[in-house]
Structure formats: C-alpha cells, structure tokens
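Below: the structure, in structure tokens.
The values are calculated or read from the model by the stated rules, or taken from the named source; none is laboratory data. Just so it is clear, the structure is predicted and the values come from calculations on it, not from any experiment. In this analysis, Cβ positions are derived from the backbone assuming ideal geometry, glycine residues included, and neighbour counts consider all displayed protein chains. Calculation scope for accessible area: heavy atoms of the full protein, side chains included, ligands and nucleic acids excluded. Shrake-Rupley method; radii C 1.70, N 1.55, O 1.52, S 1.80 Å.
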Amino acid sequence: LNNWGFALSNLAKTKSGKAADPLITAACDKYEAALRIKPDFHEALNDWGLALSDQAKTKSGKVADDLITAACDKYEAALRIKPDKHETFYNWGNALSDQAKTKSGTESDSLFIEAYGKYEAALKIKPDLHQALTNWGCDLLNQSVTKSGRAGKVLITEACGKFKEAHKINPDYRNVLG
C-alpha cells in the first residue's frame, strides 16, 4: 500500500493543476490504509507528508498553508515513531522552507528559522547530509534578499558557510557550485 501510494504521488508530479489532485488523494488513501495495517509504519507517514508538501506547491493561500500544516503533522508523527530518521527532518525543513517563500516579514522569517532547525536536526543524525546544508544555504540566501544592510550581509555570509560545508562533504555536488 505504501509503494502504491508512492507511485500515485509520483504520477501526480507528471500532471498539472486539478489533474494531480485525485492522484494525491488516492496516494493519501493508500498511506492511511498502510497505517491501519501497521500503525507504527513511519515510512508511510513520511511519504504522506511528502505527497501533501508536493500538493501544497501547486496551491496558494490557505489551501497551501493547510496542506503544509498537514504535511508537518505527518512528519511529526513519523518522528514520534522513529526519532532518528534524518530524512523526515530534512523533508520537514523543505516543507517549511517552501511555505516561508510564500510569506513575508516576520512570518517568513519564523518559518525559515524553523526550517533551519529541522535541517540542523537532520545533520545531527547524519552529519554528511550535504543536501541539507545546501538547502539551508539557499534558504539563507532567499531570506537575505528580504533584508537590507548588515542583516542581509550576515545571512549571505552564513549561506556561504553552509555551501562551504556542503562542498567539503561532496565536492562534486553541482547544486553547491551552481
């Protein structure tokens, strides 16, 4: 059931607009069914969160926010079962980052800071997770453009530090160099 849900979620990524929605709904139904069989199946919760996060990217406003909230609830539930799952922290950070990019001011800053905390938690479990460092650096850059003066420069400096760390871990990772 989990794999079926994952396949439906991936199929939804090949669609646009309303054509993807029924596939995400079906995927979520499969994750829910998998959890009825095995309530401690943290992978289903993580994958369900990913599906909801992906769907949120196709929406805006309250609908997108509600989907991100639901995704974060799934990530949190997955981590209650398996607290050392770095992928779940990483995915949660990405969801919060996506939401932060749709906001402004202190609301955006708060979401970015929360995302950084999730990346940091993932890195405590898996210190060589260069993707988390790269995404963290990109988010710092995104946040920096909303600032002026010293605040923006500090964020850019922090971003460069994250990219440097990621590059040390994986010198061939194109997203660090891009």
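Pairs from the list K18/K147; K18/K153; K118/K168; K85/K164; K15/K62 with a Cα-Cα gap above 29 Å: K18/K147; K18/K153.
Ranked by the mean number of other Cβ atoms within 10 Å per residue, highest first, peptides 55-66, 118-129 order as 118-129, 55-66. In region 97-178, the alpha-carbon atoms span a convex hull of 81 Å³ per residue. Element breakdown for the chain at a 1.4 angstrom probe: carbon and sulfur atoms account for 55% of the accessible area. Counting only DSSP H runs of at least 4 residues, each contributing -39500 (n - 2.57), and dividing by the residue count of the chain, the helix-based mean residue ellipticity at 222 nm comes to -26000 deg cm²/dmol.
Heavy atoms of the protein chains alone define the surface here; on that basis region 127-177 has 60 Å² accessible area per residue at 1.4 Å probe size. The orientation-averaged projected area of the convex hull spanned by the Cα atoms of the chain comes to 10.5 nm². Expressed as a fraction of 2.2 N^0.38 Å, the value expected for a compact globular protein of N residues, the C-alpha radius of gyration of region 20-115 is 1.07.
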